[in-house]
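Okay, structure first, notes after.
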Amino acid sequence: MAFSSKLISRGFATSTYLNSIKHVTVVGGGLMGSGIAQVAAQSGHNVTLVDLNEQVLQKSKGSIEKSLQRVAKKLYKDQEAEAKKFITESVSRISVSSDLKDVVKKTDLVVEAIVEKMEVKHKLFSEIDPVAPESTIFASNTSSLSITEIASVTKRKDRFAGLHFFNPVPVMKLVEVIRIPDTSDATYNQVMEWSKAIGKTPITCKDTPGFVVNRLLVPLLCEAVRMMERGDATAKDIDIAMKLGAGYPMGPLELADYVGHDTTLSIVEGWHKKFPDNPLFEPMKSMKELVQQGKLGVKSGEGYYKYTK
Ligand SMILES: CCCCCCC[C@H](O)CC(=O)SCCNC(=O)CCNC(=O)[C@H](O)C(C)(C)COP(=O)([O-])OP(=O)([O-])OC[C@H]1O[C@@H](n2cnc3c(N)ncnc32)[C@H](O)[C@@H]1OP(=O)([O-])[O-]
Ligand SMILES: NC(=O)c1ccc[n+]([C@@H]2O[C@H](COP(=O)([O-])OP(=O)(O)OC[C@H]3O[C@@H](n4cnc5c(N)ncnc54)[C@H](O)[C@@H]3O)[C@@H](O)[C@H]2O)c1
């Protein structure tokens, strides 16, 4: 079976040709985990999506199906039967579970996409390390934590890497592959091949704070918030400026709403703790207030802007 060049060039893959990873466990059924599960399933992998919360899993199934419909519309324009087949087959490759220890007994790759808290990630990896097969590769989708530190609780540091996806996962073509000093060549090659097999473009980077994209994007976003707080320009005008003057698809404040202020703030606070003298990482007053009020952005219906469902 060969890849269709049309689908690959659009960032989608439809077969598992060339990669040895057949079953993927995605842990965390939130925004990122459901996107990762979707792209793995639509490229022919069997996927089990795991979350502590049953309701989250039901919601994820719904959002994956909606997103698959958008993808199918793009891939199979005017080919209704093909589009339907693509959706049905992709959905059929995804199962859900809340029993992680059982799921990892038979899996080739675990991609962790749970809350951005080191202690929670440590607990998860130390629980599954003794249960998963020797050959299973572990990866974290962390936005800002050290992969070396996450991997430190396991005995498989040679089979550990970072796989950093971007939101929305079905659309954004990049995956940052983070290689820690212990990551073996075999593991690195497998995750690079798998990233290509799911239709993404991988880049390789070291385990430095924010890797490549977030190290550049987070300071930009923070500066935009500070600019608005000072009253230099309104949120709307800053966003228009960056879209029309710098070619960004979303303005920085729209993007902050889109990513979620809890996520962005926890990144900034974490880096501030680590690098207290760097003014770029000083947490922003307005974002702290939004989080305290539960105004987390698009997902809660309000952030710097208001959203209707
Ligand atoms: C950032 C600093 C803070 C750090 C926080 C951590 C962040 C993290 O670690 C890294 C990130 O993710 S950083 C964040 C990185 N992310 C960014 O920077 C994102 C920047 N924003 C964008 O790239 C665009 O605004 C979007 C693609 C989001 C929407 O595009 P638009 O033009 O404004 O609106 P549109 O017309 O609706 O959609 C266009 C096409 O996309 C399709 N589609 C959309 N969602 C879909 C889904 N869920 N499923 C399937 N398909 C989906 C849609 O069907 C349409 O297809 P068509 O065939 O062309 O009609
Ligand atoms: N939001 C983004 O734009 C973005 C982009 C790239 C990477 N990330 C990273 O991806 C990860 C997830 O982010 P998200 O935005 O999808 O978060 P989210 O809050 O949408 O989802 C996290 C999910 O993990 C579940 N969970 C928590 N602890 C768990 C456990 N022990 N076992 C199983 N499930 C558990 C929660 O119930 C929740 O459904 C974080 O590390 C984040 O930094 C986020």
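So, with +1 on the Cβ of K and R and -1 on the Cβ of D and E, and no other charges, what is the size of the charge dipole of the range 214-300 about its Cα centre, to the nearest 20 debye? Intermediate results must be reported in sequence, preceding the final value.
Numbers: 11 positive and 12 negative charges, 32 e Å.
That gives a dipole near 160 debye.
The 3J(HN,Hα) values that the Karplus relation (6.51, -1.76, 1.60; θ = phi - 60°) gives for the range 99-114 are, in residue order, 10, 4, 4, 6, 4, 6, 5, 9, 8, 8, 9, 10, 10, 8, 9, 9 Hz. Gly and Pro appear as x.
Which loop trypsin sites (Lys or Arg not before Pro) in the range 129-194, with loop taken from DSSP, have no more than 15 other Cβ atoms within 10 angstrom of their Cβ? Could the numbers behind the result be given before it?
Working: sites: LYS155, ARG156, LYS157, ARG159, LYS173, ARG179; in loops: LYS155, ARG156, LYS173, ARG179.
Sites meeting the loop and neighbour criteria: LYS155, LYS173.
If I take every Cα pair under 8 Å that is 6 or more residues apart in the range 23-206, average their sequence separation and divide by the length, what percent do I get for the relative contact order? Averaging sequence separation for qualifying contacts and normalising by length gives 22 percent for the range 23-206.
DSSP bridge analysis restricted to the chain gives an antiparallel fraction near 15%, rounded to the nearest 5.
Looking at the square roots a ≥ b ≥ c of the eigenvalues of the Cα gyration tensor of the range 23-206, which shape do they give, rounded for a/c under 1.5, prolate if a/b is larger than b/c, or oblate?
Working: a/c = 1.92, a/b = 1.51, b/c = 1.27.
Note, shape of the range 23-206 comes out prolate.
Which shape class applies to the chain: rounded if a/c is under 1.5, otherwise prolate when a/b exceeds b/c and oblate if not, where a ≥ b ≥ c are the square roots of the Cα gyration tensor eigenvalues? It is oblate, given that a/c is not under 1.5 and a/b is not larger than b/c.
For the pair LEU244 and SER20, label points projected 7 Å from Cα toward Cβ lie 5.4 nm apart.
Distance between the modelled labels on ASP78 and VAL171, one decimal in nanometres: 2.5 nm (7 Å Cα→Cβ projection). In the chain, the longest principal axis of the Cα atoms and the axis of helix 261-274 are about 80 degrees apart.
Phi angles across the range 277-286 convert, under the Karplus curve 6.51 cos²θ - 1.76 cosθ + 1.60 with θ = phi - 60°, into 3J(HN,Hα) values of 8, 8, x, 5, 9, 6, x, 8, 4, 5 Hz, Gly and Pro given as x.
Are any of the pairs LYS77/LYS106; LYS106/LYS274; LYS66/LYS295; LYS84/LYS117; LYS66/LYS200; LYS121/LYS200 more than 28 Å apart by Cα-Cα distance, and if so, which? Could you put the intermediate results ahead of the total?
Values: LYS77/LYS106 37 Å; LYS106/LYS274 38 Å; LYS66/LYS295 25 Å; LYS84/LYS117 39 Å; LYS66/LYS200 20 Å; LYS121/LYS200 25 Å.
Table pairs above 28 Å Cα-Cα are LYS77/LYS106; LYS106/LYS274; LYS84/LYS117.
Figure legend: label point modelled 7 angstrom from the Cα of LYS117 along Cα→Cβ; residues of the range 45-76 with amide N under 20 Å from it are 50-57.
The distance from the alpha carbon centre of the range 259-307 to that of the range 118-186 is 25 Å, rounded to a whole number.
Taking amide H as placed 1.01 Å from N in the peptide plane, LEU109 has its amide H under 5 Å from the amide H of HIS23, THR25, ILE137, each at least 5 places away in sequence or on another chain.
Evaluated with a Cβ-only charge set (Lys, Arg +1; Asp, Glu -1), the range 23-206 carries a dipole of roughly 460 debye about its Cα centre, given to the nearest 20.
Nearest 10 degrees, 0 to 90: what angle lies between the long axis of helix 80-92 and the longest principal axis of the chain (Cα atoms)? With rounding to tens, the tilt is 90 degrees.
Any chance you could run the full-extension gain for LYS101 through LYS309? It's 0.36 nm times the residue separation minus the Cα-Cα distance, nm to one decimal. Let's see the in-between values first.
Working: separation 208, 0.36 × 208 = 74.88 nm, distance 3.58 nm.
Taking 0.36 nm per residue and subtracting the Cα distance, the gain is 71.3 nm.
Amide H to amide H, with H built 1.01 Å from N, GLY297 comes under 5 Å of HIS261, GLU302, GLY303, counting only residues 5 or more places away or on other chains. Under 5 Å between amide hydrogens, built in the peptide plane, is the criterion, and for VAL175 it picks out THR201, ILE203 among residues at least 5 positions away or on other chains.
Determine the gain in length on full extension of the stretch ASP185-ARG215; use 0.36 nm per residue of separation and subtract their C-alpha separation, reporting nm with one decimal. Show your work: numbers first, answer last.
Numbers: separation 30, 0.36 × 30 = 10.80 nm, distance 2.56 nm.
Separation in residues times 0.36 nm, less the Cα-Cα distance, equals 8.2 nm.
Quick one: grab the alpha carbon gyration tensor of the range 134-229, order the square roots of its eigenvalues as a ≥ b ≥ c, and give me rounded if a/c is under 1.5, else prolate or oblate depending on whether a/b is larger than b/c. The shape class here is oblate.
Calculate, in nm to one decimal, what SER92 and GLU229 gain on full extension: separation in residues at 0.36 nm each, minus their alpha carbon distance. Spell out each step's value before the answer.
Working: separation 137, 0.36 × 137 = 49.32 nm, distance 4.79 nm.
The SER92-GLU229 span can extend by a further 44.5 nm.
The string of couplings for the range 172-177 from the Karplus curve (6.51, -1.76, 1.60, θ = phi - 60°) is 6, 7, 7, 10, 8, 9 Hz, one whole number per residue in order, with x for Gly and Pro. Per residue, the average separation of C-alpha pairs within less than 8 Å and at least 6 apart gives the range 214-300 a relative contact order of 30 percent.
Under the criterion of Cα pairs below 8 Å and six or more residues apart, the relative contact order for the chain equals 14 percent.
Values in this text are rule-based calculations from the coordinates and carry no lab data. What you see is a predicted model, and the numbers here were worked out from it, not measured in a lab. All Cβ positions, even for glycine, are placed from backbone atoms using ideal geometry, and neighbour counts span all protein chains on display.
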